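The values are calculated or read from the model by the stated rules, or taken from the named source; none is laboratory data. The structure displayed is predicted, hence computed values, not measured ones. No Cβ is skipped: glycine too gets one built from the backbone with ideal geometry, and neighbour counts run over all protein chains shown. SASA here: full protein model, heavy atoms, side chains in, ligands and nucleic acids out. Shrake-Rupley method; radii C 1.70, N 1.55, O 1.52, S 1.80 Å.
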Amino acid sequence: NNLTAKGVTEVALLTLATHEAGVEDSGAEAALLLLAELVRFGNLQVQSAVLAYLSTQDADGKVVTHLMDKVTAGAAEVKVRAEQTKANAYSPMSDKQRGGYRAFAFTAELVHFLCEGHNVVLQSYFREQPGGGASVDLITEVALAVTSACQNSAVLTKMEDLEVATVAKLVWCLNEAVEGPNRANQALLTGMPDFLGALERLLVSPFHPRVDGDLQLGAKHAVLRLLAALLEGQPDLEAHRKIVSEIPPVSLETARGALGKAAKTHRDLVVDASVALKHLFADLGLLPGLGPEIDKLLEARRKKVGADLMDTMVGHIEVSWNGRIENVCFRLPDETFFLSQDTKSDFMRTVNLSTAEKRMKLLLEAVPELVGEMEHIYLLSSGAQLYPWFIRNLETIKWGLYGLVVLLNLNILMASFGAEKRANGAGFDGLLLSMGDPGDKAGTIYLSAFLAVLLLAGYSSIIFFLGITEVPILVRKLDKFRAKAMTPPKPGQPVVLRRDASVLVTWALALAALCTFLVMHSWNYAGGESSPSAVSNLYATLWVAFLLYTLTALRQYVRVPDKEWARRYAVGYDIVLTRPFFRNHVGLIVLCLLGFARNEFFSVMLLDILNLSGLLGNVVLALTIPGTKMLGVLYIMLCTAVIYAHFGLKYYEGLLHTGGRACHSAMSCFWLIA
């Protein structure tokens, strides 16, 4: 851009305008090289400088005439070579032919750069020059050269590397001349005799093994991009009909097969070509009667070879553009496939599905969170080889661990006996106590200990890998909510409540109720039949439950974690108690550790099946979703039991008994009835 601002581009164009094409030792070749480097990749500032020069200082069209002379000379070389190979067996290109092909390819690449970026003005200029100073048509000349080079399959099979590379650059040049779209250039190319047929022959040609595989694939890629560009923004189906008349869907399917073979070695190129191919299938499917034929072809391929990159890496939507519906195909980002199933399920469970408008609104609101998660997991997968393997096989690992739980419980089940038989040496009650003196039960004890250690290691690994996956996502989500809530509200908007004092009132009432209950229990059951240890266990259980409630109440009190301590507490609480990956697996680790002391704790681990099985998980949901209503029914039942206990004890004490059990206190009658 600095060189262009200093007039370097203008000097290069002036050199082209004052020199003849093909003259050796002229400055024109150096000017072409310089201009190509300046405008490479569609430099807009250079393109603007070129257009300004052509419009104001080159009224006679000397620059475009110079380029046309270069293109004409190259097209002549292509035609001679095609006639030579058509009539004879393959023979290597002469040095003169190689030089002509390289010059032609370079000129086509320069025109490509000048048109790149949908520069419709320059695209049209190379077809028709305004003002009458020159009358040349580079677009037609390049297209005729492609037609000559691909006039039949025999010529294509006798090509060598340079020929295939040159034809590919010619096709790319034409592609840039129509993308945007440029309607006039589209109509020109689709109306040229045998041009579309030449593209079809190039698309399906197997080429000779002497041709480098990358060049073969690049040529087919260029053809697919050009065909998709020819259909871009077409107001009617005329271009569609012309393309189908020369390039049937089966030829496109043949090209798809060639792409599939190179999917592993040239993934990016194949995906880009698949985008164009899917666009072609979608647009051509608009023709009456052709849609079912294309669907049948695509379905037959899926059944034969499964899903390929066009199925998995290419997105397709329909958009309203200029008053009509347009097909838009695009490459899906690599991170698209890293959205966790838990996030999908959580979104589907909470989203309002009543109307399409509400669904889309909620989806758009959730996009930053979803994209953030996908990008985070993708970066983790790109950085370490073990991580993608672990995440990819996570479900298998979970089911494998559950299999170990089943084996452990089978072993424990066969080795667990009552106190009387244990006193006589049968079985064991706890691994830790038995490992010191296993006796003849060493095999069973050590096998159980080995399985338990494997489970501890497995659950710890799941916590670690899912932790580095989900914790950063949770923190980012919390920080985003925090920043939004702490933003001063606009006039008319409600102020965000940062602390909920009503939670403290509820917590204080719960504490008073618990203390009152403990006092009542100690007064009424002092010196009762219950052992001191049983009473202590009851009190400890109630205090632990209240502690958990206190943690929850504090989190509810901190509506917005505006302070650093509040942020840390909110992050810790949300990770430990609200994230299933942490809560569930920590619970399994605790049960496994308790199992070393008492065998029965291992059996509780079998309930992990509720987390693994979607079917059984739905059974749990059938209980938890209407949970509030069911708790209400349970409370009414308990109230009824209390009423029956009091009135029964008062008036029917002698009749309240079952199975040899009788009640002589309101509490015992309550338990009897309940």
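Of all aspartates and glutamates in the structure, the ones whose alpha carbon falls short of 19 Å from that of residue 563, not counting any fewer than 8 places away in one chain, are 479, 500, 574. Across the stretch 555-560, rounded Karplus estimates of 3J(HN,Hα) from the backbone phi angles (6.51 cos²θ - 1.76 cosθ + 1.60, θ = phi - 60°) give 5, 6, 5, 7, 5, 10 Hz, Gly and Pro being marked x. Of the peptides 394-407, 278-291, the ranking by mean beta-carbon count within 10 Å, highest at the top, reads 278-291, 394-407. Of all aspartates and glutamates in the structure, the ones whose alpha carbon falls short of 13 Å from that of residue 79, not counting any fewer than 8 places away in one chain, are 141, 163.
Rounded, prolate or oblate for the stretch 296-395? Axes are the square roots of the Cα gyration tensor eigenvalues, ordered a ≥ b ≥ c, and the cut-off for rounded is a/c under 1.5. Oblate is the answer for the stretch 296-395, as a/c is 1.5 or above yet b/c matches or exceeds a/b. Here residue 600 and residue 476 are evaluated by their C-beta separation; at R0 = 41 Å the FRET efficiency comes out at 0.50. The computed semi-axes √(5λ) of the Cα gyration tensor in Å for the structure shown corresponds, within (1) 77, 31, 24; (2) 104, 40, 16; (3) 44, 39, 27, to (1). Note that the stretch 1-104 presents 53 Å² accessible area per residue, ligands and nucleic acids not counted, probe 1.4 Å.
Three semi-axes describe the equivalent ellipsoid of the stretch 47-188; taken as square roots of 5 times the Cα gyration tensor eigenvalues and ordered largest first, they are 29, 15, 12 Å.
Taking the stretch 274-288 and a reference point 7 angstrom along Cα→Cβ of residue 237, the backbone N atoms nearer than 20 Å belong to 278-288.
Taking amide H atoms as placed 1.01 Å from N in the peptide plane, the amide H of residue 314 lies under 5 Å from those of 332, each 5 or more residues away in sequence or on another chain.
Packing-based ranking of 598-607, 220-229, 557-566 yields 220-229, 598-607, 557-566, ordered from highest to lowest mean Cβ neighbour count within 10 Å.
Relative to the longest principal axis of the Cα atoms of the chain, the long axis of helix 195-204 lies at roughly 50 degrees. Computed extension length for residue 637-residue 521: 39.5 nm, one decimal, from 0.36 nm per residue of separation with the Cα-Cα distance subtracted. A straight Cα-to-Cα reach below 20 Å connects residue 242 with the aspartates and glutamates 179, 194, 200, 232, 253, 283, 293, 326, residues fewer than 8 places away in its own chain not being considered. For the set 220/278; 96/169; 304/398; 398/480; 261/304, the pairs lying more than 21 angstrom apart at their alpha carbons are 304/398; 398/480. Reducing the stretch 141-168 and the stretch 488-514 to their Cα centroids gives an inter-centroid distance of 76 Å. With a Förster radius of 35 Å applied to the C-beta separation of residue 345 and residue 446, the computed FRET efficiency comes to 0.30. Computed in the context of the full set of protein chains, the accessible area of the chain at 1.4 Å probe radius has 63% of its extent on carbon or sulfur. Between residue 562 and residue 389, the simple label model (points 7 Å from Cα in the Cβ direction) yields a spacing of 5.0 nm.
For the stretch 84-90, 3J(HN,Hα) computed residue by residue from phi via the Karplus equation (6.51, -1.76, 1.60; θ = phi - 60°) reads 5, 6, 5, 8, 10, 6, 4 Hz, glycine and proline entered as x. Residues in the stretch 266-282 carry Karplus couplings, in order, of 9, 4, 4, 5, 5, 5, 5, 5, 5, 4, 5, 5, 5, 4, 4, 4, 5 Hz; the curve used is 6.51 cos²θ - 1.76 cosθ + 1.60 with θ = phi - 60°, and Gly or Pro positions show x.
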